[in-house]
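Since the structure comes first, as structure tokens, the remarks are kept for the end.
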4 protein chains.
Amino acid sequence: MDATSPRRPHTGRRRSDAAREAILDATFRLLSSPASDAVTIDAIASAAGVGRQTIYRWWPTKGAVVADALARHARAVVPERHTGTFTTDLQAFLIDSFAGLQDPAFASRLRQIVSAAQQDEHVARVLTDFTAVRRAALRALLQRGQDAGDLGPDADLDMLVDMAYGVLYYRLLVGHAALDESAARSLATELARSGR
Amino acid sequence: MDATSPRRPHTGRRRSDAAREAILDATFRLLSSPASDAVTIDAIASAAGVGRQTIYRWWPTKGAVVADALARHARAVVPERHTGTFTTDLQAFLIDSFAGLQDPAFASRLRQIVSAAQQDEHVARVLTDFTAVRRAALRALLQRGQDAGDLGPDADLDMLVDMAYGVLYYRLLVGHAALDESAARSLATELARSGR
Amino acid sequence: MDATSPRRPHTGRRRSDAAREAILDATFRLLSSPASDAVTIDAIASAAGVGRQTIYRWWPTKGAVVADALARHARAVVPERHTGTFTTDLQAFLIDSFAGLQDPAFASRLRQIVSAAQQDEHVARVLTDFTAVRRAALRALLQRGQDAGDLGPDADLDMLVDMAYGVLYYRLLVGHAALDESAARSLATELARSGR
Amino acid sequence: MDATSPRRPHTGRRRSDAAREAILDATFRLLSSPASDAVTIDAIASAAGVGRQTIYRWWPTKGAVVADALARHARAVVPERHTGTFTTDLQAFLIDSFAGLQDPAFASRLRQIVSAAQQDEHVARVLTDFTAVRRAALRALLQRGQDAGDLGPDADLDMLVDMAYGVLYYRLLVGHAALDESAARSLATELARSGR
DNA sequence: ACCTAATCGAGACGGTACGTCACGTCTTCGT
DNA sequence: ACGAAGACGTGACGTACCGTCTCGATTAGGT
């Protein structure tokens, strides 16, 4: 007998996971449309075949739903390849990262999440988590490079990571320059030179 | 007469410029508040002592008003100092740039402009112009460094510029790391090493 | 084994009379509050400490619950006194009837039952039964008067009854005039004169 | 010049009388349907070709709209005929009053207004006003009868009025007896006898 | 002493109406 | 003829109840 367990952990009907999934799927689908004002509670509810109240029962805010919908797809692959040398690994990482943004739906969602994060704390947290995973992956890659002597011992790896992702977000959001393979190569070159 | 006073004394006809100023001032003031949903057409109109229609007569969209209101303050100084050496110039530039974001109102406005730019083309254009000026300033600084031999001849200056501002925007928008003087110094170090 | 009953008499848990009582009590209590929108299925259920489904299992409609809750209290005394003369009996009857409405809870319930009866057939039936009992009592009183010669032989007793209760309901529902003792006396006078 | 008049009586677009009429007409039309839950703000708005907000701009509550919609039809004829003798005038008045309720739509609306008046103060006021006009008409008729000696000098005319209308409302709301011509005649007889 | 089945409190479900807010358009009147 | 005031139609928002549908727990026969 566990004294800390409540006597009655739950009564009543259980939360419908089908509804939860449907809501998050519908939200994600709507987020992929370029029109950012398509994401309406009504639209989500009717696309999910769900009552509006069911959404409000579980999420305090539209932003929170959006955040959850994005978070469950954030597990998506962080491109991580071990091709052999540090330089090619870094290049591959950046090329893959940039390439992902060629999908207009993904670029649109990423722009929307950054935008929404400025107004909604739930989305902000998702953005923080989302980016942290990617930063950690890149940092591990750089760490391996440093351990192998490809980067100098006094290189500020965290700053290098932010320089890399900074270029990605800066160009994504301002749109003044391309995020193509050649940009990825050039960025890789500068980063590798930097930490040396 | 105080141009910054919130209440514009009632004027008759032919004072359209006064109304225009009042609208842009009010919009800018509202943009400086941390609450991003404070910027309402109604709020602007009543803060400016202006009819709503007067706003719509001159601007097609709320975003356009916001864009204009931001643009007129975008002339703000780009920190440019010639302290002698490339390294100290670059450090000073970045320190000054980061320092500007310590003002919460400025940081808030910058976040809002990036956010709004994702949904409104007028704001997007303002953001592009705003950042272009700063990129040009930094690029000129780097160019002087390259000319002086502080940066290698094959350094991709545009990429270095984006790496610098990328860090600034990335941290501003995601908020995972500080934008303080020590960060500026570290960034300057990595950038200088990179282009060498 | 009972050959005549084709099916099992009953299996499983029996209906909880405690729940039934609690529901009707709670409903009656809520009906006594002046706020007519206080009578909610949720409010009844939680006031009775009962699940909502338990209500719906036994009553088809909120109106039916209300009807039942009212019906069990409808047995309340019909003021019937034999003071001796017809005139004083009639006066006493009307004074008592009017006096009952001085209780705000009773007046509120009576108003609500009339109101609800217009939309719900269950309540309508209860109202019909409730009033029929009272009409019968008053009619018997008048009949005694007619038999004793206090009312003429051609007096329409049913109409006189409706004239008496009509005043009560009309003033209760419209609220343009008081239902006090003096009104009761005046009404008794006019009624007695009428049937003569 | 009137010192009490405001300096600026009105600016801006004027209230649309067409919208007002359309709203009240649509509400009245919906009220005439037997289903009392047909009267929805949405239904009113769309039947009137009007935005929902336009309704809320001018009426605080659905009940207030309903009240107004009913009030504008309350001017409907109060049956007043001078046929010569008091007895026939009274009979005609009551016969006409009862006859009006043969129209199911009118009876339904009257039931709904009494019902709604118990929950909404706006409707209550309309009901009070509506009935006051009719009471006044009947009272004037009785007054003429009293002046002519058809009713005794000590008859309580207000009570007689309430006895008459009381029968009408009581039977309308409880439904236990008919409101036909024969009832009107019998009521007239009893009333005339009463006041004598 | 089980087994079966109906009821219990609890509470989530898909809906519908509510009343509020902001939008962008359209009158009206005063200057 | 411009500008403030403000009403207009529209549509999303978040809340309150509705009546239905699960849950695990409880309770009363029948075996």
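In percent, rounded to a whole number, the relative contact order of the range B:61-196 is 32, using alpha-carbon pairs under 8 Å and six or more apart.
Would you work out if the protein assembly as shown is rounded, prolate or oblate? Take a ≥ b ≥ c from the square roots of the eigenvalues of the alpha-carbon gyration tensor; rounded if a/c is under 1.5, else prolate when a/b is larger than b/c, oblate otherwise. In terms of gyration-tensor shape, prolate. Label-to-label distance, D:Ser46 versus B:Ala132, with points set 7 angstrom from Cα along the beta-carbon direction: 4.9 nm. Over what distance in Å are the Cα centres of the range C:28-60 and the range A:125-196 separated? Each part reduced to its Cα centre gives a spacing of 63 Å. Cross-link reach is defined here as a Cα-Cα straight distance under 28 Å, omitting same-chain residues fewer than 8 places apart; for C:Lys62 the lysines meeting it are D:Lys62. Under 5 Å between amide hydrogens, built in the peptide plane, is the criterion, and for B:Leu151 it picks out B:Gln146 among residues at least 5 positions away or on other chains. Counting only alpha carbon atoms, the long axis of helix B:104-117 and the longest principal axis of chain B meet at about 80°. The mean number of Cβ atoms from other chains found within 10 Å of a Cβ in peptide D:180-193 is 3, as a whole number.
Give the angle, between 0 and 90 degrees and rounded to the nearest 10, that separates the Cα long axis of helix B:16-32 from the longest principal axis of the Cα atoms of chain B. So the helix axis and the longest Cα principal axis differ by about 60 degrees. Relative to the longest principal axis of the Cα atoms of chain D, the long axis of helix D:157-174 lies at roughly 70 degrees.
Write down the Kirkwood hydrodynamic radius of the range C:11-82, to one decimal in angstroms, obtained as one divided by the mean of 1/r over all alpha carbon pairs. Evaluated on the range C:11-82, it is 13.1 Å.
Considering only Cα atoms, the convex hull volume of the range C:51-117 works out to 103 Å³ per residue. For the range D:103-173, the C-alpha radius of gyration divided by 2.2 N^0.38 Å, with N the number of residues, is 1.30.
What's the long-distance tail for chain C, i.e. % of Cα pairs beyond 28 Å? Every Cα pair in chain C considered, those over 28 Å come to 41 percent. Copy-to-copy label distances for B:Arg57, where each label lies 7 Å from Cα along Cα-to-Cβ, are 2.1, 5.2, 7.0 nm in order of increasing length. Within the shell defined by Cβ-Cβ distances under 11 Å, the residues around C:Ala132 carry a net charge of +3, with Lys and Arg each +1 and Asp and Glu each -1. Within 10 Å of the Cβ of each residue in D:170-179, the mean number of Cβ atoms contributed by other protein chains is 6. For B:Ala38, neighbours were defined as the other residues whose beta-carbon sits under 13 Å from its Cβ, and their charges (Lys and Arg +1, Asp and Glu -1) total +1. Summing charges over neighbours of D:Ala148, with a neighbour being any other residue whose Cβ is under 14 Å away from its Cβ, gives -1 when K and R count +1 and D and E count -1. Helical runs (DSSP H, four residues minimum) scored at -39500 (n - 2.57) apiece and divided by the length of chain C put the mean residue ellipticity at 222 nm at -21500 deg cm²/dmol.
Every number in this text was worked out from the coordinates using simple rules, so none of it is lab data. Everything numeric here is computed off the predicted structure, so don't read it as measured data. Positions of Cβ are backbone-derived with ideal geometry, glycine not excepted, and every protein chain shown enters the neighbour counts.
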